[in-house]
1. State whether the residues of segment 60-67 include one that is open to solvent by 10 Å² or more (accessible area, probe 1.4 Å), part of a loop (DSSP other than H, G, I, E, B) and modelled with pLDDT of 95 or more.
2. Going by what's in this entry, would Glu11 be described as more than 21 Å from Val149 (Cα to Cα), in a helix (DSSP H, G or I) and over 15 Å from the mean Cα position of the chain (by Cα)?
3. Considering only segment 145-157, state which residues are outside any helix (DSSP H, G or I) and at pLDDT below 95.
4. Restricting to segment 21-42, count the residues that are of a type in the set (Gly, Ala, Ser), in contact with a helix residue (DSSP H, G or I) (Cβ under 7 Å, 6 or more places away or on another chain) and closer than 14 Å to Val98 by Cα.
5. For segment 81-98, what are the residues that are over 19 Å from Gln28 (Cα atoms), open to solvent by 30 Å² or more (accessible area, probe 1.4 Å) and touching a residue at least 24 places away in the same chain (Cβ under 8 Å)?
6. Yes or no: Gln142 touching a residue at least 40 places away in the same chain (Cβ under 8 Å) and open to solvent by 70 Å² or more (accessible area, probe 1.4 Å)?
7. Kindly evaluate Ser117 against the criterion of being within 25 Å of Cys23 (Cα to Cα), more than 11 Å from the chain's Cα centre (by Cα), open to solvent by 50 Å² or more (accessible area, probe 1.4 Å) and without any contact (Cβ under 8 Å) to a residue 40 or more places away in the chain.
8. If Ile74 passes every condition in (1) in a helix (DSSP H, G or I); (2) open to solvent by 10 Å² or more (accessible area, probe 1.4 Å); (3) under 22 Å from Ile2 (Cβ atoms) but one, which one does it miss?
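The values are calculated or read from the model by the stated rules, or taken from the named source; none is laboratory data. Everything numeric here is computed off the predicted structure, so don't read it as measured data. Cβ placement follows ideal geometry from the backbone for every residue including glycine, while neighbour counts extend to all protein chains displayed. For accessibility, only protein heavy atoms count, side chains too; no ligands or nucleic acids. Shrake-Rupley method; radii C 1.70, N 1.55, O 1.52, S 1.80 Å.
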Amino acid sequence: MIHSIEAWIDETNAMFADQRQSCSQFSQPFAGFYSKEFLANAYFVVVESLPKPDLPELREAGLGDFLDMDVQGITYKNTYYIVPSVALDLRLHFHELVHVSQWNALGAIGFLQRYISEVQTLGYAEAPLEKIAYTFDYHFAQGGQKIDVPSYIENNI
C-alpha cells in the first residue's frame with residue numbers, strides 16, 4: 001500500500017509541476033526558521049480542491065475519516081497544496097513546511113508509514129507528526145524565538 005501511495009504522490013506532484021510556486025518567497029518572514037536553501041527546494045500549489053489519494057486500501061486501513069477531513073493544506077514530499085482562502089496565511093505555510101521537513105528527515109516511505117500508523121492509532125489531532133507541526137506554527141505565530149526547524153526535526157524526530 002505504501003508504494004501505491006508514493007506512486008500516486010509522484011504522479012500528483014508531476015501533474016501540478018507547472019503550477020508550483022517556490023517557497024523562496026517566504027525567506028524574509030521565515031528567516032531563522034528555514035534557510036534560503038531549504039525554501040528554494042520547497043514548493044506550494046494553490047488548488048480549488050486538495051488532491052488526496054482516495055485508494056481503497058486506505059479506506060480499508062481505517063483512514064476514511066482522514067481522507068474525508070476538510071483541511072486547508074496537505075503536504076506530499078517537498079510540495080504542499082493549499083486552498084485559495086489560505087494562500088496568504090503565513091502560519092499555514094509555516095505549518096506545511098514543518099511537514100516538508102518531516103518528509104525530508106524520514107524519507108517518503110518512512111514518513112508515510114509513521115504518519116499512517118499515528119493517525120490509525122491516535123487519530124489526526126493526537127498524531128505526533130501533526131502535533132509537532134501545530135506546535136511550531138503556534139510558536140511562529142506568537143513571535144517565538146528563531147529555531148532552525150529542519151535541523152530540529154532532523155535531530156528530534
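1. Checked segment 60-67: no residue is open to solvent by 10 Å² or more (accessible area, probe 1.4 Å), part of a loop (DSSP other than H, G, I, E, B) and modelled with pLDDT of 95 or more.
2. In short, yes.
3. Of everything in segment 145-157, just one residue is outside any helix (DSSP H, G or I) and at pLDDT below 95, namely Ile157.
4. Selection size over segment 21-42: 1.
5. Across segment 81-98, the qualifying residue is only Pro84.
6. Against the criterion (touching a residue at least 40 places away in the same chain (Cβ under 8 Å) and open to solvent by 70 Å² or more (accessible area, probe 1.4 Å)), Gln142 does not qualify.
7. Details: within 25 Å of Cys23 (Cα to Cα): no; more than 11 Å from the chain's Cα centre (by Cα): yes; open to solvent by 50 Å² or more (accessible area, probe 1.4 Å): yes; without any contact (Cβ under 8 Å) to a residue 40 or more places away in the chain: yes.
For Ser117, the condition - within 25 Å of Cys23 (Cα to Cα), more than 11 Å from the chain's Cα centre (by Cα), open to solvent by 50 Å² or more (accessible area, probe 1.4 Å) and without any contact (Cβ under 8 Å) to a residue 40 or more places away in the chain - is not met.
8. Every listed condition holds for Ile74 apart from (1).
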